[in-house]
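I have placed the structure first, in the form of structure tokens, so that the comments after it can refer back to it.
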Amino acid sequence: MSSICAHVWWSKAGRRLLVVPLALIVAAGGAGAVAAPAPPPAPKAATPDRLRYDVSLRSDADGSHWTGRQRVSFRNASDRPLREVYVRLWGNGEDKCGTPGKPSPVKMSKVRGGTPGRLTVNCTALRITLPKPLARGERTAVSFDVSITVPQRNNRFGREGAFRFLGNALPVLAVHDAKGWHLDPYVSTGESFYTLASDFRVRMDHPSTLKVPATGRTWTRHGTSGRTVTHSVAHRVRDFAWAAGPFRVASETSPGGVRVKSYWAPNTPAAGVRLNRKDGVAAVDRFGKEFGRYPYGEIDLVMTKEFGGGMEYPGLVVLGTTEEGGAVVHEVAHQWWYGIVGNDEYGAPWLDESFAQYANARFYGWDTRDCWSDDDWPSDQTALTNSMAYWAEHRDEYHVIYTAGSCALANLERTLGADTMARLLKRYARDHWYGVSTTADFKKAAQSATDTDLDPFWKKHRIR
């Protein structure tokens, strides 16, 4: 979770490091994965791709419980026949398989289009065997009923007072690539998520007293007595998130043409709301110029007083907001770094967090000179490119991907020159637009931008 609050990090030598938004979420969860059977050697193409989710949901009186039907169609992009798919129920990550008196929050039933197995990976993965192998280029679909109960915690999938946050609540398909099926465990510090760009069409029937910000372009229609239907359509996004509650709402259009809709709880500090709105509008346009035009047309800023920092989703960010605002710029930067330019957030979290924090530092003009040294590494095993398996075991070191990561990119800018770095990032984003990037991809792109051998740079900054 990119949950953030402002901290100043200091080196062992007493030097001031970057002012970095970071509040580690340390709730329990994310262990004991049960892996799928080892697949045969796999081709490089990530599959299933060209996904389309069609979802219809209905909420209870206060948005705590949602039920409905979900259908996902997809193509096999692999050279090998696709015999099964895996659905990730990330909303079960904190509660795992639940207890007799407290069942897991997300349930699937009445599966069509394949044969479901048993829930694995602490009830966050469900294997569905297809009726027959799906050849390369062929499409099929699976559908199922879904039941979602928002947990009693203030979290990305949780609640604060009368407000509900439904991040990573909707089941999504896992990715199969050269490494096989990605069935990593859920982590509460950071993210486990890895998805391909998908289309979503979502219909949400809810009481008219609730406002429902959501991923994508949204509009509302009158429903049955006292109810409203919120429709959302999102193209080429990696996930779908929404919130529900008696929000106050304002909408504006940035100079660059992006619709910025702000939703806030009535007790949210007014000065912080104003600052988040101002910086959010400025950031979406600035990053559009620096990395490539924001393609989704709309972004929603969801603000409450007590939410723990910030969390990013395509077209929607949730922000804990004080009088001084929140982590809006960092979270808006994630629209590019993880959203548009995708990465395996469990395997290589630095590719989105370090890049978003580097963009954040540039936006605010932080002094990044002399911001990291070899003495600042917590241990010999610490590396920017460690996976969440490492960070989950070393939570006190997780700040490194924000601090050392953004410093490494700032130092790369000084090594290449500001103009060359700007061209590199714009080209790198363009080359992986709606795709998936790896550390090797970025290193190759950076090396192609200069005649200087960057191997010593990667070694010094522990980019392996």
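Got a sec? Charge dipole of the stretch 204-248, +1 on Cβ for Lys and Arg, -1 for Asp and Glu; which of Pro246, Thr218, Pro207 is way out at the positive end?
Thr218
Order Arg153, Arg293, most accessible first, counting only protein heavy atoms with a 1.4 angstrom probe.
Highest to lowest solvent-accessible surface, that is Arg293, Arg153.
Identify all lysines with a Cα-Cα distance to Lys459 below 28 Å; exclude those on the same chain that are fewer than 8 residues away in sequence.
Lys12, Lys44, Lys179, Lys426, Lys443, Lys444
Using a Förster distance of 60 Å, how high is the FRET efficiency between Asp380 and Asn267, based on the Cβ-Cβ distance and rounded to 0.05? Each step should come with its number before you reach the end.
On the way: r = 47 Å, r/R0 = 0.78.
With a Förster radius of 60 Å, E is 0.80.
Can you give me the Cα centroid spacing of the stretch 96-126 and the stretch 374-397 in angstrom?
Measuring centre to centre over Cα atoms gives 33 Å.
Checking the a/c ratio against 1.5 first, then a/b against b/c, what shape does the Cα gyration tensor give for the stretch 193-272? Write down the numbers at each step before the final one.
Values: a/c = 1.70, a/b = 1.11, b/c = 1.53.
Verdict is oblate for the stretch 193-272.
For the full complex of protein chains and a 1.4 angstrom probe, list Arg423, Arg236 by accessible area with the highest value first.
The most accessible residue leads, giving Arg423, Arg236.
Positive end of the charge dipole of the stretch 355-464 (Lys, Arg +1 and Asp, Glu -1 on Cβ, about the Cα centre): tell me which of Asn360, His461, His399 has its Cα farthest that way.
My answer, from the dipole projection, is Asn360.
Within the set of other residues whose C-beta is less than 13 Å from the C-beta of Val317, count the net charge using Lys and Arg as +1 and Asp and Glu as -1.
Residues near Val317 contribute -3 overall.
At a probe radius of 1.4 Å, what is the per-residue accessible area of Met421, in Å² to the nearest 10?
We get 0 Å² for Met421.
Local charge sum around Thr215 (other residues, Cβ-Cβ under 13 Å, Lys/Arg +1, Asp/Glu -1)? Don't skip to the end; give the middle numbers.
On the way: positive: Arg201, Arg217, Arg236, Arg238, Lys261; negative: Asp199, Asp239, Glu298, Asp300, Glu312.
Surrounding charge for Thr215 is 0.
For a quick check: with amide H placed at 1.01 Å from N, whose amide H comes under 5 Å from Arg227's, ignoring anything fewer than 5 positions away on the same chain?
The answer is Ser208.
Got a sec? What order do Glu298, Glu252 fall in by accessible area at 1.4 Å, biggest, i.e. largest, first? Let's see the in-between values first.
Values: Glu298 5, Glu252 60 Å².
Listed by decreasing accessible area, they come as Glu252, Glu298.
If I take R0 = 45 Å and measure r between the Cβ atoms of Thr224 and Ala178 in this structure, what FRET efficiency does the formula 1/(1 + (r/R0)^6) give, to the nearest 0.05? Show your work: numbers first, answer last.
Working: r = 49 Å, r/R0 = 1.10.
The formula returns an efficiency of 0.35 here.
Please report the carbon-and-sulfur percent of the accessible area for the chain; probe 1.4 Å, protein heavy atoms only, DNA, RNA and ligands left out.
51 percent
Restricting to bridges with both residues inside the stretch 301-374, how much of the DSSP beta-bridge set is antiparallel, in percent to the nearest 5? Could the numbers behind the result be given before it?
Values: 5 of 10 bridges.
The answer is about 50 percent antiparallel.
Can you work out the accessible area per residue across the stretch 74-130, with the rest of the protein chains kept in place, probe 1.4 Å, in square angstrom?
Counting only protein heavy atoms, the per-residue value for the stretch 74-130 is 45 Å².
Collect residues whose amide H, placed 1.01 Å from N in the peptide plane, falls under 5 Å from the amide H of Ala125; neighbours closer than 5 in sequence don't count.
Long-range HN contacts for Ala125: Leu89, Thr120.
Taking R0 as 30 Å, what's the FRET efficiency between Arg136 and Asp54 from their Cβ-Cβ distance, rounded to 0.05?
Details: r = 24 Å, r/R0 = 0.80.
Efficiency at R0 = 30 Å is approximately 0.80.
Taking the Cα centre of the stretch 47-168 as the origin, how large is its charge dipole in debye, to the nearest 20, when only Lys and Arg (+1) and Asp and Glu (-1) carry charge on their Cβ atoms?
360 debye
If you plug each phi of the stretch 300-314 into the Karplus form 6.51 cos²θ - 1.76 cosθ + 1.60 with θ = phi - 60°, what whole-Hz ³J(HN,Hα) values come out, in order, with x for Gly and Pro?
3J(HN,Hα) across the stretch 300-314, in whole Hz: 10, 9, 10, 10, 9, 6, 10, 4, x, x, x, 9, 9, 9, x.
Within the stretch 56-96, name every residue whose backbone N is under 13 Å away from a label modeled 7 Å from Cα of Lys110 along the Cβ vector.
56-58, 67-71
Compute the Cα gyration tensor for the chain, then decide on rounded, prolate or oblate, letting a ≥ b ≥ c be the square roots of its eigenvalues: rounded whenever a/c is under 1.5, prolate when a/b is larger than b/c in the other cases, and oblate in all that remain.
Note, shape of the chain comes out oblate.
Around Ser73, under 13 Å between beta carbons, what's the net of Lys plus Arg minus Asp minus Glu among the other residues?
The answer is +3.
The values are calculated or read from the model by the stated rules, or taken from the named source; none is laboratory data. Here the structure is a predicted model, which means the values were calculated and not measured. Methodologically, a virtual Cβ is constructed for each residue, glycine included, from the backbone with ideal geometry; neighbour enumeration extends over all protein chains shown. Surface areas here come from the heavy atoms of the whole protein model, side chains and all, with no ligands, DNA or RNA. Shrake-Rupley method; radii C 1.70, N 1.55, O 1.52, S 1.80 Å.
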